[in-house]
Ligand SMILES: [Zn+2]
């Protein structure tokens, strides 16, 4: 039975590490398959749009996310964004790992590429490709940033870093 995992909160240093890719042979191991089920269950239980492995303390390039329109869950291993549109869009984001003092999720505007293409390995280690638009494109960019130790608060729109 899958279980709900505790989520690490900013400023935990694990969230800031570069995560390592999974070797194709590891993907079908019981440990990784269990981790994937647990992450899926955790994302749904917390009502998140996505969850990256560093958020539950594993510095692995693994994310689970869902497309709310299609009601489809994606499990992406070693995801890589291979195409990005010139067009960008600003919209509000939040993160299960970024909370205020009272434990509530903080929201902020982030500029992202509007459309992207992403290649990844599925739970069987098979290569997959998705062309994502709008919200799904935004979620994929947010989750893949986690794998490089980047949080959305690093990219707030209108802040001096931009
Ligand atoms: Zn996040």
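Within region 43-57, the set of residues being part of a helix (DSSP H, G or I) and either in contact (Cβ under 8 Å) with a residue 60 or more places away in the chain or within 16 Å of residue 76 (Cβ to Cβ) (or both) comprises 43, 53, 54, 55, 56.
Could you check how many residues of region 124-162 are over 11 Å from residue 110 (Cα atoms), part of a loop (DSSP other than H, G, I, E, B) and either more than 16 Å from the ligand (Cβ to nearest atom) or without any contact (Cβ under 8 Å) to a residue 12 or more places away in the chain (or both)?
Qualifying residue count, region 124-162: 6.
When region 11-41 is filtered for residues that are over 13 Å from the mean Cα position of the chain (by Cα), part of a helix (DSSP H, G or I), within 23 Å of residue 106 (Cα to Cα) and free of Cβ contacts under 8 Å to residues at least 40 places away in the same chain, the ones remaining, listed by number, are 13, 41.
Only the coordinates and a few stated rules stand behind these numbers; no lab work does. As the structure is a prediction and not an experimental result, all values here were calculated from the model. Positions of Cβ are backbone-derived with ideal geometry, glycine not excepted, and every protein chain shown enters the neighbour counts.
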